[in-house]
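Notes follow once the structure below has been shown.
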Amino acid sequence: MEEALVGRLEAAVSRLEAINARAQPSAVPHDLAYNESAAQDPAILAFDELVADAVGRLSAAAGKIGAEVAEVTNVLEKAFLVGKVLLARTKQTQKPTVESMAVFMGPLNETVLEANTLAEGTRSNYANHLKAAAGSLAALAWIGYTGKGCGMPLPIAHVEESWQMAEFYSNKVLVEYKNKDPDHVEWAKALKELYVPNLRDYVKKFYPLGPVWQPPGSVANKAPSAPCPPSASLCSSSATSSQPTSGMSAVFAEISSGKPVTQGLRKVTNDMKSKNRTDRTGVVAAEGKEPRTVSAPSSTKGPAPAKFELQMGRKWVVEHHIGNKGLTIEDCDTKQSVYVYGCKDSVLQVKGKVNNITIDKCNKMGVLFKGVVAACEVVNCNSVEVQCEGLVPTISIDNTSGCQLYLSKESLETSITTAKSSEINALVPDVNSEGDWTEHSLPQQFIHAFNDGQFITTPVCHSGA
């Protein structure tokens, strides 16, 4: 008995030592430095407490799970430590220009890219853990906020909106492991608490209007400039926004692409140079006689082009997107509708209230929305997930196999209609445990009995012996 107790204590000490080692400055790239006087800034000291407390709890929970969950959590912790250094440097640096902002945020971008690499294209049993942790790091982009027009909302709103996207995957972890393994539930809850309320409240207290930069003309470091931003992503790696990019937002759009700036340029080979081309003989063709070329019709049809547009100012059309996890509709109103068609393995977030939403012929599609005036319809779909954060009067599901409905407290009175559909589950907030979900399977089999001159229909109830 005593040997077992000693073994458990030694294991706990080992985990704490590992957490402490990761929290040391050695986890931060050596080229990041700042004036040591900034370390005594109350805001920086408070950030240290946030990392030690909230990130520490998350790391401890990850240590119990191990494997890829511990690995991606270590990268998350590294990102927060890099973010602390950048935050300390803002007061010693003049406000970056559009060109130099990408360089200033470069160390954080590289760490976020490291997390995205772990999460993308994986078939791990912990895929939802990886996507939740990597996606949540978009919240740290608020450190690069430079004012109105920089391409992102105020820091508090940015943290909340960024977490909403990551919560889509953390909710999956909660549902999957609620009755299987409490360690995974603890990790998912710790991840949420790190951002909401901890990081959100920290930003609200110390940086509600963004970081404080050195005024122009002062004796301070200038953010370095470079011809192109690094290939990393502070936002979703395939984000599509309803707003055009300009100014500082163009920088974040370039960062989000995850591609080098020169990728779209075409390489000129020797045979393409004018002096080596054989199709140019120097003979001038006769006027009025242009050669005609006839192309044979293609026998095969390629994939339909992806579409993301607002038609006639009334209808948002999102079609044929594959593997795009960052589709976002921001500027919308209650007079507009949203039509999603033919999308696969993608996620769409509607950040405003619209009239209605239709999801048609989609596979492994996720849709998050604030609320709708009329209805949300799911038609001819497979394995889709729909999450409502506000009010939705009616949800209609037709000819669909596999649909997960996440309903907020405000939408519990919604009317759900199903037809020719199977594997429909509705998840509602657990009244006994905040942050947990209770899953309810909607009936797909019915008994019709003739009684007193009419048919009475009741759902089939299955019970174990």
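The values are calculated or read from the model by the stated rules, or taken from the named source; none is laboratory data. All figures in this text were calculated on a predicted structure; none of them were measured in a lab. Methodologically, a virtual Cβ is constructed for each residue, glycine included, from the backbone with ideal geometry; neighbour enumeration extends over all protein chains shown. Just so you know, the surface numbers come from the protein's heavy atoms only, side chains and all, with ligands and any DNA or RNA stripped out. Shrake-Rupley method; radii C 1.70, N 1.55, O 1.52, S 1.80 Å.
Quick notes on this structure:
- Only one of the numbered conditions (1) surrounded by fewer than 10 Cβ atoms within 10 Å (Cβ to Cβ); (2) part of a loop (DSSP other than H, G, I, E, B); (3) not charged (D, E, K, R) is violated by residue 448, and that is (2).
- The requirement of being crowded, with 24+ Cβ neighbours inside 10 Å and farther than 21 Å from residue 212 by Cα is satisfied by residue 133.
Here is a yes/no grid of residues against (1) over 22 Å from residue 167 (Cα atoms); (2) without any contact (Cβ under 8 Å) to a residue 60 or more places away in the chain; (3) of a type in the set (A, V, I, L, M); (4) open to solvent by 30 Å² or more (accessible area, probe 1.4 Å):
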| position | (1), (2), (3), (4) |
| --- | --- |
| 349 | no, no, no, no |
| 362 | no, yes, no, no |
| 365 | no, yes, yes, no |
| 369 | no, yes, no, no |
| 382 | no, yes, no, yes |
| 387 | no, no, no, no |
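- Among the residues listed as 139, 127, the single one being over 30 Å from residue 205 (Cβ atoms) and modelled with pLDDT of 90 or more: 127
- When the criteria are applied in full, residue 401 fails the requirement of being of a type in the set (Ser, Thr, Tyr) and under 20 Å from residue 337 (Cβ atoms).
- Checked against (1) farther than 24 Å from residue 151 by Cα; (2) out of contact with any helix residue (DSSP H, G or I) (no Cβ under 8 Å at 6 or more places or on another chain); (3) assigned to a strand (DSSP E or B); (4) not β-branched (Val, Ile, Thr), residue 366 passes all but condition (2).
- Residue match in the stretch 425-437 (condition: in contact with a helix residue (DSSP H, G or I) (Cβ under 7 Å, 6 or more places away or on another chain), open to solvent by 30 Å² or more (accessible area, probe 1.4 Å) and aromatic (Phe, Trp, Tyr)): yes
- Where residue 185 falls short, out of the listed (1) of a type in the set (A, V, I, L, M); (2) modelled with pLDDT of 90 or more; (3) closer than 23 Å to residue 349 by Cβ; (4) buried (at least 20 other Cβ atoms within 10 Å of the Cβ): (3)
- Verdict on residue 159 being in contact with a Leu (Cβ under 6 Å, 6 or more places away or on another chain), more than 24 Å from residue 322 (Cβ to Cβ) and either free of Cβ contacts under 8 Å to residues at least 24 places away in the same chain or open to solvent by less than 20 Å² (accessible area, probe 1.4 Å) (or both): yes
- Scanning the stretch 329-345 for residues that are of a type outside the set (A, V, I, L, M, F, W, C), within 14 Å of residue 357 (Cβ to Cβ) and assigned to a strand (DSSP E or B) yields a total of 3.
- Residue in the stretch 409-422 that is closer than 19 Å to residue 128 by Cβ and either out of contact with any helix residue (DSSP H, G or I) (no Cβ under 6 Å at 6 or more places or on another chain) or part of a strand (DSSP E or B) (or both) present: no
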